[in-house]
Number of protein chains: 2
Amino acid sequence: MALLVQKFGGTSVGTTERIEAVADLIIRTVQAGHKVIAVVSAMAGETNRLLGLAQRIDVKASARELDVLAAAGEQVSVALLAIALVKRGYPAVSLLADQVCIRTDNKFGKARIEHVDTERLAQELEQGHIVVVAGFQGRDIEGNLTTLGRGGSDTSAVALAAAVQADECQIYTDVDGVYTIDPRICPGARRLSQIPFGDMLELASVGAKVLHSRSVEYAGRHRVLLRVLSTFRPDAGTLMTYEEDPMLLPLISGIACQHGLTFLQLQALSHTDFCRLLNLLAAHNVETDMVQQYGVWPDQLTVQLVLTNSDWLQVADDVQNLLKNCRDAQHRIQANLAKLSVVGIGIRSQPDVVARIHQLLNQLNIQIWAMTQTESRFSVLMAPELVEGAAAKLHQVLFNSDN
Amino acid sequence: MALLVQKFGGTSVGTTERIEAVADLIIRTVQAGHKVIAVVSAMAGETNRLLGLAQRIDVKASARELDVLAAAGEQVSVALLAIALVKRGYPAVSLLADQVCIRTDNKFGKARIEHVDTERLAQELEQGHIVVVAGFQGRDIEGNLTTLGRGGSDTSAVALAAAVQADECQIYTDVDGVYTIDPRICPGARRLSQIPFGDMLELASVGAKVLHSRSVEYAGRHRVLLRVLSTFRPDAGTLMTYEEDPMLLPLISGIACQHGLTFLQLQALSHTDFCRLLNLLAAHNVETDMVQQYGVWPDQLTVQLVLTNSDWLQVADDVQNLLKNCRDAQHRIQANLAKLSVVGIGIRSQPDVVARIHQLLNQLNIQIWAMTQTESRFSVLMAPELVEGAAAKLHQVLFNSDN
């Protein structure tokens with residue numbers, strides 16, 4: 001008998017029919033002798049619908065209230081799933097963040113889980129209940145509702161699995177595992193039956209939508225066994241491993257694309273002002289990527305970085321104000337770009353991998369806005385209409401796939 | 001400077017535009033120097049939409065989970081109203097039932113408020129915040145979410161007003177006060193500028209939709225000054241008084257109709273089995289009306305009573321089982337009836353009022369299923385298609401209105 005955390009995303013609970021199918025899936029697990037904590041997202045489209053209402057009132061709505069609003073979505077789906085389980089004769093109980101006691105910091109909209117209480121969970125499991133927990137939401141120390149950001153239900157599931165020391169955390173989604181590339185981009189995509197933690201972390205952070213990067217990070221920190229499965233075909237899947245033997249690791253785990261990015265280049269900037277910029281971004285809890293610095297220290301620096309369009313909208317006014325006070329500084333901003341990333345230890349161990357990537361990009365004659373290479377990741381920024389085509393071509397080259 | 005509780009129903013917050021209008025209304029109150037606690041319902045139609053989802057899964061869904069589901073509606077509207085207030089530069093904060101600490105019993109779907117904590121409310125008001133509280137919802141002593149039943153947001157508002165000792169509890173709705181009859185039934189309807197507590201209680205319990213009967217009862221117990229106003233034209237309104245001088249009271253306060261009722265008649269019943277029936281209904285927290293008992297004591301009783309269709313559906317199986325074990329007992333059940341009620345102290349003090357009611361019903365040749373008369377209320381049960389016509393005629397007779 002195992003203790004499993006099973007997480008179901010928005011598509012998996014998108015209609016009442018699908019919620020009933022999820023209930024059947026959970027019950028098959030219970031019938032096999034396991035205990036289950038289910039974590040669910042809002043029904044597909046619901047979070048967007050709710051945030052859309054707020055946008056009609058105020059595009060810069062109060063972050064605290066946006067979290068109160070968005071958390072209502074998960075409240076609906078936990079209740080419906082519990083109803084479906086009870087109807088089938090299996091005692092189930094829904095729990096919201098405050099009922100479990102999922103404590104987060106107070107960064108509304110992007111909160112981090114600090115602590116998960118296990119008392120109530122253990123008590124419900126002991127009574128033979130299937131526990132259905134609202135993903136995505138938490139409470140700060142003052143009892144304010146918080147949310148974990150898009151895809152945050154994955155993190156909820158991993159945090160619960162870590163807290164109750166679950167045997168496995170299963171992320172059910174609309175795809176049956178982690179692929180070498182999105183199969184919609186390249187039909188030759190292959191499913192990975194295993195993926196090393198480090199590569200999964202990189203892939204998640206560069207746009208592979210299958211797992212939320214914070215959940216991968218959290219899993220790694222607590223060594224949670226994480227498996228990605230399809231709700232609609234729950235047999236195959238991909239297991240994230242903590243295997244340390246590099247001989248067993250794939251050279252390239254996968255290719256991912258990310259859209260909706262803004263490129264920011266600042267020239268003739270002083271180091272002091274660069275620090276001010278970084279503090280400003282940190283104050284807004286904005287994550288940056290592809291950060292590069294060059295030029296003449298200390299006051300003729302060129303700095304470039306990439307952030308999401310939505311984060312940029314949030315900080316644009318403040319950044320512009322900051323730049324007004326930097327004499328000489330010039331800047332260039334380009335929104336709506338896309339990033340293509342290749343992830344795997346081959347980046348570091350096999351120089352020819354990077355050489356082949358460059359050769360292809362050169363052949364394709366693609367304008368490159370920025371490029372970064374780390375130990376296990378290669379990323380390049382380009383126009384959004386080019387990225388999927390380039391990714392598909394790259395997959396053929398790196399994985400010798402036919403299409 | 002007064003402390004006001006202002007409650008806005010589902011129609012008043014039915015769209016984002018209306019939510020913004022409500023924000024403007026609250027701000028006018030604040031600008032006049034008052035402190036405001038706003039209590040809001042779910043956006044019109046939202047509670048039905050949510051419960052409809054549950055119905056598609058299970059028509060007899062778990063009561064606990066239905067409350068988790070339904071309470072999400074108010075969570076959305078408090079967040080949106082707080083966003084609209086903050087946008088206008090007025091600091092506002094939304095609070096859910098557990099954040100205020102609105103404690104109820106554990107009768108899911110029909111919970112009663114037992115206690116309202118004032119600490120958090122006082123603290124927010126002291127900081128100059130407009131407090132926006134989710135109506136309709138509470139928490140039981142174990143932290144389970146509960147709801148107060150349809151129209152329960154009125155009760156939330158009154159309970160908050162009683163707890164903080166507000167100067168007035170203002171119920172904003174889509175009509176501008178309490179009328180002698182629903183103006184849609186009879187254009188000659190008159191708005192009452194005042195109504196005595198006792199009559200308001202009777203009117204609310206027999207189907208006048210303007211106030212939830214439990215809220216009137218709660219207001220009376222705590223002597224809360226309650227005013228009904230229109231969100232769209234907030235000048236007139238009706239004030240509920242605790243006036244004791246009968247000379248100042250109107251003879252007839254109003255006429256109300258209620259649909260969706262089931263009539264239950266049991267013949268040849270023993271007193272013991274009647275007690276069993278009452279216990280059964282109490283266990284399901286079902287309210288009955290027009291209860292009558294006659295026949296030969298102790299085992300040839302005829303008992304008749306009226307309950308709502310939905311309550312009947314909930315208890316029908318259990319009642320049928322109980323009747324199977326009562327030898328000789330026969331029963332008759334008729335669903336979908338309607339009740340016409342006249343409310344006012346004239347019922348008791350002026351015998352000709354009742355005489356005129358009977359004369360009219362006789363002229364109209366209406367089949368009467370049941371009739372009851374108490375000190376200040378006269379009710380008669382009939383086919384639903386007849387009730388509005390009869391009510392309009394009765395209004396002409398009792399109020400000398402032209403139409």
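Tabulated data for the structure shown
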| item | result |
| --- | --- |
| Lys, Arg +1 and Asp, Glu -1 on Cβ, resulting dipole of region A:3-174 about Cα centre, debye, nearest 20 | 340 debye |
| Lys/Arg +1, Asp/Glu -1 at C-beta; chain A dipole; positive extreme among A:L201, A:A134, A:A21 | A:A21 |
| Computed over region A:295-360, Kirkwood Rh from alpha-carbon pairs, angstrom | 15.4 Å |
| √(5λ) per eigenvalue of the Cα gyration tensor, region A:3-174, largest first, Å | 26, 18, 12 |
| Around A:F108: net Lys/Arg minus Asp/Glu count, Cβ-Cβ under 11 Å | -1 |
| DSSP H segments from chain B that extend 15 Å or more along their own axis, Cα-based, with Kyte-Doolittle mean of -0.5 or above | B:16-31, B:46-57, B:63-87, B:152-164, B:271-283, B:351-364, B:384-399 |
| Loop-resident sites, region B:289-383, for trypsin sites (Lys or Arg not before Pro), counting at most 10 other Cβ within 10 Å (DSSP) | B:R327 |
| Semi-axis lengths, Å, region A:253-403, gyration tensor of Cα atoms, sqrt of 5 times eigenvalues | 32, 16, 13 |
| Percentage of interatomic Cα-Cα distances in chain A larger than 32 Å | 40 percent |
| Chain A - charge dipole about Cα centre, Lys and Arg +1 at Cβ, Asp and Glu -1, debye rounded to 20 | 460 debye |
| Normalised contact order of chain B, rounded percent, pairs of Cα under 8 Å and 6 or more residues apart | 13 percent |
| Pairs from B:K209/B:K393; A:K35/B:K107; B:K35/B:K209 whose Cα-Cα separation, in the structure shown, is over 25 Å | A:K35/B:K107; B:K35/B:K209 |
| Cα-derived Rg over Rh, computed across region B:78-179 with Rh taken as Kirkwood radius | 0.98 |
| Nearby lysines by direct alpha-carbon distance to B:K110 (threshold 16 angstrom, same-chain neighbours under 8 apart not counted) | B:K60 |
| Nitroxide proxy distance, nm - points 7 Å out along Cα→Cβ at B:Q55 and B:D117 | 3.6 nm |
| Value of [θ]222 nm, deg cm²/dmol, for the protein assembly as shown, DSSP H segments ≥ 4, -39500 (n - 2.57) each, nearest 500 | -12500 deg cm²/dmol |
| Debye equation applied to the C-alpha atoms of region A:58-105, log10 I(q)/I(0) at 0.23, 0.24, 0.28 Å⁻¹ | -0.88, -0.91, -1.04 |
| Spatial separation of Cα centroids for region A:286-338 and region A:170-211, in angstrom | 31 Å |
| Compactness of the protein assembly as shown as Cα Rg over 2.2 N^0.38 Å, two decimals | 1.15 |
| Region A:76-113 versus region B:85-115: alpha-carbon centroid distance in Å | 19 Å |
| A:N365 versus A:M1: modelled label distance in nm, points set 7 Å from Cα along the beta carbon direction | 6.8 nm |
| Diffusion constant of region B:317-403 at 4 °C, which comes from Stokes-Einstein with the Kirkwood Cα-pair radius and 1.567 mPa s, µm²/s | 87 µm²/s |
| Shape parameters for region A:1-84, alpha-carbon atoms, Rg then Dmax in Å | 15.4, 51 |
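None of the figures in this text is laboratory data; all of them are computed from the coordinates on show. Quantities reported herein were computed from a predicted structural model and do not represent experimental measurements. Reconstructed Cβ throughout: ideal geometry from the backbone, glycine too, with neighbour counts over all protein chains shown.
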